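As structure tokens, the structure follows; a few thoughts come after it.
Each value in this text was obtained by applying a stated rule to the coordinates, not by laboratory testing. This one's a predicted model, so the numbers in the text were calculated from it and none came from an experiment. Using ideal geometry, Cβ is built from the backbone for each residue, glycine included, and neighbour counts are taken over all protein chains shown.
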There are 2 protein chains.
Amino acid sequence: MKLYDVTLAPNPRRVRIFLAEKGIDVPLVQVNLAEGEHKGAEFLEKNPSGKVPVLELDDGTCIAESVAICRYFEALTPEPRLFGTTPAEIGRIDMVNRQLELELLQAVGRAWVNGPIVAKMALGSFEQIPAAKLQGENGARAFYQRLDGELATRQFMAGEAFSVADITALCTIDFATRLVDLKPDPELSELWRWHGEVSARPSAGA
Amino acid sequence: MKLYDVTLAPNPRRVRIFLAEKGIDVPLVQVNLAEGEHKGAEFLEKNPSGKVPVLELDDGTCIAESVAICRYFEALTPEPRLFGTTPAEIGRIDMVNRQLELELLQAVGRAWVNGPIVAKMALGSFEQIPAAKLQGENGARAFYQRLDGELATRQFMAGEAFSVADITALCTIDFATRLVDLKPDPELSELWRWHGEVSARPSAGA
């Protein structure tokens, strides 16, 4: 088994942290985005979407999409449960994880793909849209505010237990801070309280 | 238990079809999008994202996001399995479902929110971007081509068994055809073969 990885990208880091929380060790293979390896024929055979991460099993089966890879490992090695145990927990954790993806990670992604670093790296086979960059930035900031309010009522993103939703949020916010100039406002004290706690877990270094 | 629903929207239909496949009956409550009910205080308490569908349990717990609601019911009533059984199946079905959501449903959604019906209905608290509409249309058409190729090698979206990924694809394509002027090209014969088969299931009427 091996995991096709890109160290600085937010989605592969989600899988690395998930594996660290589970105590599972999977060999990593770096994919060279700058040289377009993810759009080459060999990689597209593994994932026609041309995105990292991809998990390749020993029989050649490939699983793309960070959350799908995490679900594979949750089914294989259930403990510690990172997607919930009861039906209501399973539903609520997936809800929070999806809202983080669809309303925060995608807003950050919109700011990123329409921003200056992607323009310079010419990663985009893609027309940049300044108005979409602004929508992304505004969406991310509004969602940070919402999270700050919600985290006043619970310790972690989806309740009182650490879950996959915390991993999604951590990787998104760290990427937004380091590479998209979208660091959350220092006044969002509950969000920063949460960020300090999850960043202190050993898995955050993965 | 009740499900907050909008008959014509693609995401609530995903849950209705899922429930029909499981043989589960849940009372529906219609939400009036035209009057902005989904952005009102009462609804935002159930789902701060202001989106349908939302499942409200008898204890008041609310689960938003169509896939999260489906996962709740999969955990409650496992058979028939619509998210897979083995770890590899679970991973692959989630991968296909997510790629359909992120690369097809979102492209269709981009064409929709930047298109003429939303402009007329003034649903958007949202600046419309013509270039984003075009990106959405091109993305959807490219993904239809990809699906047509993949469906030459398998009966259903994620393999030889009907799954949640087929529900996502059916609701997306029907919405794109009826409301976004993005009907798949008649030459995509494998995609239409698949569409005929899944549309003939009793659940498709849900």
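Some notes on this structure:
- Count - residues of region A:1-21 that are within 23 Å of A:Gly60 (Cβ to Cβ) and either polar (S, T, N, Q) or more than 13 Å from the chain's Cα centre (by Cα) (or both): 6
- Candidate set: region A:10-27, residues that are under 21 Å from A:Thr172 (Cα atoms) and either acidic (Asp, Glu) or free of Cβ contacts under 8 Å to residues at least 60 places away in the same chain (or both); chosen: the one surrounded by the fewest Cβ atoms within 10 Å (Cβ to Cβ): A:Glu21
- Of A:Ala132, A:Ala165, A:Ala152, all but one fail to be touching a helix residue (DSSP H, G or I) at 6+ places or on another chain (Cβ under 6 Å), part of a loop (DSSP other than H, G, I, E, B), within 14 Å of chain B (Cβ to nearest Cβ) and not β-branched (Val, Ile, Thr); the exception is A:Ala152.
- Any hit, region A:192-201, residues being in contact with a Pro (Cβ under 7 Å, 6 or more places away or on another chain), β-branched (Val, Ile, Thr) and in contact (Cβ under 8 Å) with a residue 12 or more places away in the chain: no
- Residue within region B:31-43 that is part of a loop (DSSP other than H, G, I, E, B), touching a helix residue (DSSP H, G or I) at 6+ places or on another chain (Cβ under 7 Å), more than 13 Å from chain A (Cβ to nearest Cβ) and not small (Gly, Ala, Ser) present: yes
- Only residues that are under 20 Å from A:Val108 (Cα atoms), hydroxyl-bearing (Ser, Thr, Tyr) and over 14 Å from the mean Cα position of the chain (by Cα) were counted in region A:142-187, giving 1.
- Residues of region B:58-87 that are at the interface with another protein chain (Cβ under 7 Å from one of its Cβ atoms), surrounded by fewer than 20 Cβ atoms within 10 Å (Cβ to Cβ) and either in contact with a strand residue (DSSP E or B) (Cβ under 8 Å, 6 or more places away or on another chain) or part of a helix (DSSP H, G or I) (or both): B:Ala75, B:Leu76, B:Pro87.
- Of the residues making up region B:48-73, those that are more than 21 Å from B:Ile117 (Cα to Cα) and without any contact (Cβ under 8 Å) to a residue 40 or more places away in the chain are B:Pro48, B:Ser49, B:Asp59, B:Gly60, B:Thr61, B:Cys62, B:Ile63, B:Ala64, B:Glu65, B:Ala68, B:Arg71, B:Tyr72.
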